[in-house]
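K.L.:
The structure follows.
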Amino acid sequence: MNMSDTTHPDLAPWLPAIMAFVENSMALAIGIFNAQGQLRYGNAGMQHLLGTKDSALARECFKAPTFETLSAKEVTQAAIYQGWLTFGSESTPHRSVRGAVFRREETFLVVAEHDIEESERVNHQIMAVNREITNLQRELARQKAELAALNERKNEFMGIAAHDLRSPLAVIQGYSSLLTRYPDMPTEERNELLTIITDSIQDMLEMLNNLLNVSEIESGKLRLAPIDVDIYDYMDRIAQRNRHLADQKNIALCLELEPNLPSVQFDPHRIQQVMDNLLSNAFKFSHRGTQVTIHVVKSSPESVEISVIDQGQGIKPDELGKVFLAFQRTSTRSTAGEHSTGLGLAICKRIVEVSGGQIDVESTYDQGSRFFFTLPIAP
């Protein structure tokens, strides 16, 4: 039957123009499929919905209703299906549009209409959501890797801490047992053992305090209370606080501050931890009769630089990179058998950085070291 026999007489002359429009229409999708779902004809709109021009791939892109469902329906003059049609593939987003399916023997005519602008808008939204999901997955993977690294570090800390705590505990247990078994021990020997026990307890307390500091820092719970500080008065008190440690090894502790220094802004308690640690290390790794200097200058318009300079043993060049890492020790040994936990400089680094400064070291092996850090000038 000729198509013009079923159309209005006035439309017949316009059929070529109508067919040309249908061929290129994106809003009106027309496709003819065989019973196996292969595309025998598809205009631009149908190809857009399927996401392909390949007739063999059309079946995979025509998601619902399935061709098995359509083939089970009886042939009628009216549509065998009307409602939502779903298209999509792994490489194209799924789209659901209103349409109808007609059947003639083993051939299916699929007609659908959709708002191309709305479809593109939804498509862009879907792609944006997919990108966001991808970013979230990447962030989740990053956080998972970070948690794994932190857990590994925690296990390493626990192992090293247990090892370092075991030694003073063994000393305390051994000498306490001696004191118990020999109550009539001479006073001089008893006092010597008690001194060793006291020193071991002090080492354990230092280790535990450092572990608590590391835990506080790593968990993000380190809280600062910065105030404007007169650097002259503050450094004088730091020197007086540590002078007895210098005197024990006959080390001269000198204070050199540049004139006209401005007020500096920091948490006095936390920076005291830094200074105590740097000075303790300077005394620990210096020989008797040498000098340790606290030197303060204005290093830039925004900061001052504080240095602790010793005339000790220095650090080998290939070991400088690990001095601020937790539980890392260099080959340099204390000059009087003083104990080191390997945590102090790591704590100093984090405190200085959280305070808005930077910390570093310069050292010449067998000549001495300079540990220095910056702090912001009070606004």
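The values are calculated or read from the model by the stated rules, or taken from the named source; none is laboratory data. Here the structure is a predicted model, which means the values were calculated and not measured. Note that each Cβ is placed from the backbone with ideal geometry, even for glycine, and that neighbours are counted across all protein chains shown. Just the protein is used for accessible areas: all its heavy atoms, side chains included, with ligands, DNA and RNA removed. Shrake-Rupley method; radii C 1.70, N 1.55, O 1.52, S 1.80 Å.
K.L.:
Would you check if Ser280 is small (Gly, Ala, Ser) and either touching a strand residue (DSSP E or B) at 6+ places or on another chain (Cβ under 9 Å) or on the phi > 0 side of the Ramachandran plot (or both)?
P.N.:
So Ser280 fails the test.
K.L.:
Of all residues in region 83-111, how many are within 21 Å of His48 (Cβ to Cβ) and open to solvent by 80 Å² or more (accessible area, probe 1.4 Å)?
P.N.:
5
K.L.:
Scan region 32-54 residue by residue and report those that are of a type in the set (S, T, N, Q) and touching a Phe, Trp or Tyr at 6+ places or on another chain (Cβ under 9 Å).
P.N.:
Those that are of a type in the set (S, T, N, Q) and touching a Phe, Trp or Tyr at 6+ places or on another chain (Cβ under 9 Å): Asn34, Gln36.
K.L.:
Please go through region 31-82 and pick out each residue that is under 15 Å from Ala100 (Cβ atoms), under 52 Å from the mean Cα position of the chain (by Cα) and among the β-branched types (Val, Ile, Thr).
P.N.:
Passing the criteria: only Thr69.
K.L.:
Would it be correct to say that Ala56 is assigned to a loop (DSSP other than H, G, I, E, B) and among the aliphatic types (A, V, I, L, M)?
P.N.:
Against the criterion (assigned to a loop (DSSP other than H, G, I, E, B) and among the aliphatic types (A, V, I, L, M)), Ala56 qualifies.
K.L.:
Test Ala79 against the criterion of being at pLDDT 75 or above and not in a helix (DSSP H, G or I), and give yes or no.
P.N.:
Here the answer is yes, as Ala79 does meet what is asked.
K.L.:
Checking the conditions here, which among Glu362, Glu305 is surrounded by fewer than 16 Cβ atoms within 10 Å (Cβ to Cβ) and modelled with pLDDT of 90 or more?
P.N.:
One residue alone meets the criteria, Glu362.
K.L.:
Taking the residues in region 13-45 that are open to solvent by 40 Å² or more (accessible area, probe 1.4 Å) and in contact (Cβ under 8 Å) with a residue 40 or more places away in the chain as candidates, determine which candidate is farthest from Glu113 (Cα to Cα).
P.N.:
Filtering first and then ranking leaves Arg40.
K.L.:
Are any of the residues in region 46-53 small (Gly, Ala, Ser), within 18 Å of Thr92 (Cα to Cα), without any contact (Cβ under 8 Å) to a residue 24 or more places away in the chain and surrounded by 14 or more Cβ atoms within 10 Å (Cβ to Cβ)?
P.N.:
no
K.L.:
If a residue has to be in a helix (DSSP H, G or I), touching a helix residue (DSSP H, G or I) at 6+ places or on another chain (Cβ under 9 Å), more than 21 Å from Thr335 (Cα to Cα) and of a type outside the set (Val, Ile, Thr) to count, how many in region 266-282 make the cut?
P.N.:
Selection size over region 266-282: 4.
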